[in-house]
Structures are given as C-alpha cells and as structure tokens.
1. With both partners inside the chain, how many of the DSSP beta bridges are antiparallel, as a percent to the nearest 5?
2. Counting other beta carbons within 10 Å of each residue's own, what order do PHE113, PHE17 fall into, fewest first?
3. Evaluate E = 1/(1 + (r/R0)^6) for SER32 and GLN65, where r is the Cβ-Cβ distance and R0 equals 35 Å; express this FRET efficiency to the nearest 0.05.
4. Report, in degrees rounded to the nearest 10, the 0 to 90 angle that the Cα long axis of helix 72-83 makes with the longest principal axis of the chain.
5. Using 0.36 nm per residue, how much length does the chain from ASN39 to THR5 gain when fully extended, once their Cα-Cα distance is taken away?
6. Could you work out the relative contact order of the chain? I mean the mean sequence separation of Cα pairs under 8 Å and 6+ apart, divided by the number of residues, in percent.
7. When LEU19, LEU56 are ordered from fewest to most other Cβ atoms inside 10 Å of their Cβ, what list results?
8. In debye, nearest 20, what is the charge dipole magnitude of the stretch 23-118 about its Cα centre with +1 on Lys and Arg Cβ and -1 on Asp and Glu Cβ, if you could check?
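Read-outs: derived from the displayed coordinates by stated rules, not from any lab. Computed from a prediction, not measured in an experiment: that's the story for all the values here. Here the Cβ positions follow ideal geometry from the backbone for every residue, glycine too, while neighbour counts run over all protein chains shown.
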Amino acid sequence: MLKTTCNILAKKKLTIFFLESASAGYLSYKFSLNPLSGNILVGSLVCYDLSVKEDLLKISSKLIQRHTAESMQVSKEMIKKGKKKIKADIYVSCTGLLKKGGSESKEKPVGTFFYCID
C-alpha cells in the first residue's frame with residue numbers, strides 16, 4: 001500500500017507533509033524509506049507534547065480544553081495551522097490515545113486514533 005501511494009504521489013508530482021502526534025514521526029519515517037521519498041516527502045512535525053501544539057502550531061488552549069488534545073477537532077486544527085507554516089500538496093495529521101491516561105474515557109478508550117487528510 002505504501003509503495004503504491006508513493007508511486008501515485010510521484011507520478012502526479014504531489015508532495016506530502018505530516019503533522020504527527022500519536023504516531024510520533026512513524027508515518028514520515030515509513031515514507032522516507034521509499035526510493036521516491038525525495039520527490040514527495042516535504043517532512044514532518046512531531047507534536048507529541050501539548051506544548052508543541054500550543055506554542056509552535058498556535059492551537060488554542062480553549063479548543064484543546066473543549067475537545068481534548070486527542071480529538072478530531074485538534075487533528076483538523078493541526079492541518080489548518082500547519083498549512084500556514086509549510087507548503088505541500090497533501091497534509092496528514094493524527095492524534096490519539098496510545099496509553100492510559102490523558103482524555104481516556106468509556107467513549108474514547110486507549111487505542112482511539114484520529115486522522116485528517118487534506
């Protein structure tokens with residue numbers, strides 16, 4: 001699947017940028033292993049810690065408090081703010097709960113993952 005995705009992006013001359021929280025850079029790492037990565041991969045911002053979301057991306061603490069850092073709303077906002085900093089054709093963001101704690105609840109158990117592609 002990854003090889004096919006990279007081939008399609010390269011053929012269409014599209015670039016991709018990742019804003020990674022829960023995946024902590026794993027997505028861009030996997031893309032970087034493809035021989036076509038130099039043509040398609042712009043890079044990645046790992047915003048695992050809340051401070052990166054708030055201080056670097058300037059995501060509102062009110063939005064994070066309202067929806068939690070591990071939410072679709074924050075994943076969407078990561079792309080919105082990332083677009084202002086980095087130029088690419090495609091943006092991928094992800095947040096989620098990979099360990100106990102945080103915003104874990106009955107409705108949002110460990111393993112819940114949110115991603116956006118724009």
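1. Values: 5 of 15 bridges.
Beta bridges within the chain, antiparallel portion: roughly 35 percent.
2. Working: PHE113 14, PHE17 22.
The fewest-first ordering by Cβ neighbours comes to PHE113, PHE17.
3. 0.55
4. Approximately 50 degrees, to the nearest ten.
5. Values: separation 34, 0.36 × 34 = 12.24 nm, distance 1.27 nm.
Answer, rounded to one decimal: 11.0 nm.
6. Values: 196 pairs, mean separation 33.4, N = 118.
Dividing the mean separation by the residue count of the chain yields 28 percent.
7. Numbers: LEU19 30, LEU56 14.
Listing LEU19, LEU56 from fewest to most nearby Cβ atoms yields LEU56, LEU19.
8. Numbers: 16 positive and 9 negative charges, 43 e Å.
Around 200 debye, computed over the stretch 23-118.
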